[in-house]
Each structure stands twice: as C-alpha cells, then as structure tokens.
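The values are calculated or read from the model by the stated rules, or taken from the named source; none is laboratory data. Here the structure is a predicted model, which means the values were calculated and not measured. Note that we place each Cβ from the backbone using ideal geometry, even for glycine, and neighbour counts take in every protein chain shown. With ligands, DNA and RNA removed, areas are computed over all heavy atoms of the protein, side chains included. Shrake-Rupley method; radii C 1.70, N 1.55, O 1.52, S 1.80 Å.
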Amino acid sequence: MSLHPMIAALRKHKSGVVLIAMQIALTLAIVCNAVFIIYSRVEKVNRPTGMDESNLILVSQQWVGAPSGDDPASIQKLDELQREDIQALRALPDVVSVTPSNSLPLLDSSWNGSVATKPGSDLIKGDARSTYYFGDENFLQTLGLQLVAGRNFTAGDVTNKGFRDPAEPSMVIVTKELADKLFPQGAVGKAMYLDGGTKPTTIVGVVARLQVPSNGTWASTFVWNSTIEPLRLNANYSRYAVRTKPGRMDAVMHAIPGALYASNPMRVLDDDSVKSFTAIRADAYRADIGMAALMGVVCLILLAVTAAGIVGLTSFWVGQRHRQIGVRRALGARKIDIRHYFQLENLLIAGGGAVVGIALAIGLNRALIQYFEMTSMPFWYVLIGLGAVLVLGQLAVLVPAMRAANVPPVVATRTV
C-alpha cells in the first residue's frame, strides 16, 4: 500500500490532522506521568511498616497540672504518672502488651537526627539520617518487630529522659537497613555516635524493619533508618502503644479512657486520643489514595476524549470520501484493503503525535521533579504510554474503517 496518496489526502485536512496529533501528544504526556504517579502512590501505600499492624492501638493523652520542667523532681513525678498509666493499661483483661512510645510509623510526629561511626561527625548529615523511637523492654513485643541479631532491652536498660534533656543513651537497637549502612560486616556490639556527639552508643540489637513516622517526600531517603532507644520520655503528655488479644481491639479501645481516668482523672483525652493503627494508616495515606484515584480518572477521561476525537474525525473523513472509496472498490480493492488504509492513516497521525508526546512527557516529568519533588520517571513508562495510545488509535478507528470498507462500488457511479 503506497503512502503517497495517503499523505496527499492528509494534506487536504491539515487542521484535523494537527488537532488529533496534538491531542494524542497531550494524552501521551499526561497519561505517562499520571500512571507513574499512580504507581508511585500505590507502591507507597503498600509499603510495609515492619510491625505487626493488627490488634495495635495508640493512646495519646496529656496531664492537667503536671510539672513541665526538666528538674529531677519534675522528671520523677512525670515518670510516676507514666508508670501508673502503663500499669492501668496492662491490667485490662484483653491487653497483651503495653509500651510507652514517642511515636509510631506513619504518625507524622518524629524525632530525627544523624548517626555516625565516628565521634564529632557532621551534626546534620552524619553517615546517615535516622528517626529516634523511645520505648521500654516491651517495645519490640508490642509493635511486633522481628529481632534478627543481638538482644532486646531489659528492664534495667530503660532510663528516663526529660523532654529537653540532651542526654544520649548508652545502647540502642537499630533497623537492619541502618545497621548495614553503618557496619556492613555486622553491627551488634559496635559503637555509633548520635547527632555529632562524642559519647559512644552501643548497638545491642538489630530488627528487620521499622518505618520512620514521617510520610513526607523528604523522609524517603531514610525511610527504614530507625533507631530505638531504651527511654521513657517524661513530659506533660505521653503516648502508649497497646497490643490486644486478636479480635478484642474494639473492646479495649472502649475500655482505655475509663481505665486511665480511674487511674488519674487530671488528664485530657479527646476523640482522637485512642486510635487503632488501621486508622493511623488510613489517615496517613488518604492523600496518596486520593491522588491515585484522581490521576486514574484523569487518564480515563483523556483516553475517552482522544478515542472519541479519532472516531469523530475518521467518521467525518469517511463521509467525505464515499466516492473515492467506491472508485477503489470498483477498481478491485477489497474490504480489508479499505480498512487497512484507514488504520495505517491513523497510525501515521498517531505516530507523529506520539513523537511530540514523548518530548512533552519527558519535559513534564522534569517540571514535576523541579517543582513538586517527584522522582525521575523511568523511560519504559513512556514506551508503555506510546504503545497504549497507538493501540487506542487503532481501536478507535476500527468502527469507522469497517464502515468505510462496507461502502459498495456502485457509489462511484452515482455522481458520474
């Protein structure tokens, strides 16, 4: 099949050809980046935290009238209040384990810093960025973390820390990701230094994984770099992670406020004070799920509009070319030849639009990287988008092409 008459015919409909080609280019550029955004969001939402997330509750509360200073008497009083709360929570019949904790993964409330293998390293960067979790000897059990090397904390390892106390712990447990980065040959028993300090902190254990609390893009570079310190944070507020017996989480959530008020009524508990980790995960990823859904709808609308444009324009051309089609049929062209003609014509238009679309897709991705902190889109997304728009064009032109193929040869004689 010669391309010359086809190109000559397209030159007679320049505006329509340019319109469809640019529509295909714009669709390709947007759909490629939208699919990449959807994949990135889905991958992020499905990212494991490293915990056993079932039957896990977070309790957040604040005392009224409690001391707020960092003097020994205030710290002692706050520690007594916290111990009373932990005892009250552990006394609930369906509670398996309780630990104080300054945060949890996805909570978006974090203590971050730097860790290094040498003293006096850069305060901001160090050898690696890390999030600090504070907990007692029940931290690993309550969160359902997997210890892969070393040992857990003991009750004797746990100390107190005032809210503004700069003291560094003597020992920590780190995630495998952080351990491998600092000490590839084995981290247990090795010393590291926190936040540019000079006091050595010994790594006594390594857990398989524990995600950082922050869900922002800025934390994606150290998402698994967590450090667990054997500390109870003494402040006029506190958080407790509570693990319940299977199937008893709702009952425990209803019982927690009453148990805490019975222990000490001088506190504030609001509607968000007792939350399941399922709710925390849903809140953390609500925007990502919404973005993925929005991008999916945009893709469907763009593809539908592009397909409708191809169908409409090709149908218009078929109506204008009835006589030419009839002449070709009278000269011996088969139905399949007529169909292939319009499909190849569409392929030329879509191919031209796709070339422009590839450049637009890459340019749009560069703009998203610069202004919205997105990562670079792999080129195979563009190739998939290219294949998708070409297939879409062929499917959209199929019905008008079949209608053209059914034009009888007698049409050629009606206007002679």
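Return yes when Glu84 is touching a helix residue (DSSP H, G or I) at 6+ places or on another chain (Cβ under 8 Å), among the charged types (D, E, K, R) and at negative phi and no when it is not. Yes; evaluated as a whole, the condition is true for this residue. Against the list (1) closer than 30 Å to Leu81 by Cα; (2) among the charged types (D, E, K, R); (3) open to solvent by 20 Å² or more (accessible area, probe 1.4 Å); (4) more than 26 Å from the chain's Cα centre (by Cα), the condition Arg329 fails is (1). So the check is Cβ under 8 Å with 6+ separation or different chains; which pairs have a first residue in the range 360-377 that's more than 16 Å from Ser40 (Cβ to Cβ) and a second one that's open to solvent by 60 Å² or more (accessible area, probe 1.4 Å) and modelled with pLDDT of 90 or more? Note: pairs meeting the criteria are Leu360/Leu26.
Could you tell me whether Asp108 is free of Cβ contacts under 8 Å to residues at least 60 places away in the same chain, among the acidic types (Asp, Glu) and under 17 Å from Val223 (Cα atoms)? No.
Hey, among the residues in the range 158-176 that are modelled with pLDDT of 95 or more and not hydrophobic (A, V, I, L, M, F, W, C), which one's nearest to Ile228 (Cα to Cα)? Here the answer is Thr175.
Within the range 119-177, no residue satisfies the criterion of being open to solvent by 30 Å² or more (accessible area, probe 1.4 Å), under 26 Å from Ser220 (Cβ atoms), assigned to a helix (DSSP H, G or I) and touching a residue at least 60 places away in the same chain (Cβ under 8 Å). Within the range 365-380, the set of residues being buried (at least 18 other Cβ atoms within 10 Å of the Cβ) and either over 23 Å from the mean Cα position of the chain (by Cα) or assigned to a helix (DSSP H, G or I) (or both) comprises Asn365 only. What's the number of the condition Ala282 fails, among (1) at pLDDT below 90; (2) surrounded by fewer than 15 Cβ atoms within 10 Å (Cβ to Cβ)? For Ala282, the failing item is (1). On inspection, Val298 does not qualify as modelled with pLDDT of 85 or more, more than 25 Å from the chain's Cα centre (by Cα) and either surrounded by 13 or more Cβ atoms within 10 Å (Cβ to Cβ) or not acidic (Asp, Glu) (or both). Of the candidates Ile369, Ile384, Ile325, the single residue that is at pLDDT below 85 and out of contact with any Ser or Thr (no Cβ under 8 Å at 6 or more places or on another chain) is Ile325.
Leu210 fulfils the conditions (1) in a loop (DSSP other than H, G, I, E, B); (2) under 31 Å from the mean Cα position of the chain (by Cα); (3) in contact (Cβ under 8 Å) with a residue 24 or more places away in the chain; (4) closer than 22 Å to Ser121 by Cβ except for a single criterion, (4). Among the residues of the range 268-277, is any modelled with pLDDT of 90 or more, touching an Asp or Glu at 6+ places or on another chain (Cβ under 9 Å) and more than 18 Å from Gly135 (Cα to Cα)? Yes. Checked against the criterion of being touching a Phe, Trp or Tyr at 6+ places or on another chain (Cβ under 9 Å), at pLDDT 80 or above and of a type outside the set (Ser, Thr, Tyr), the range 332-347 has at least one qualifying residue. Residues in the range 230-273 that are touching a Pro at 6+ places or on another chain (Cβ under 8 Å) and farther than 20 Å from Leu56 by Cβ were compared, and the one that is surrounded by the fewest Cβ atoms within 10 Å (Cβ to Cβ) is Asn236.
Just the residues that are at positive phi and out of contact with any strand residue (DSSP E or B) (no Cβ under 9 Å at 6 or more places or on another chain), please, taken from the range 87-138. Listed by number, the residues that qualify are Leu106, Asp108. Out of the residues in the range 319-355 that are without any contact (Cβ under 8 Å) to a residue 40 or more places away in the chain and in a loop (DSSP other than H, G, I, E, B), which is farthest from Leu398 (Cα to Cα)? Among them, the one singled out is Leu331. If you check Gln23, Gln61, Gln82 for being of a type in the set (S, T, N, Q) and open to solvent by 40 Å² or more (accessible area, probe 1.4 Å), only one passes: Gln23.
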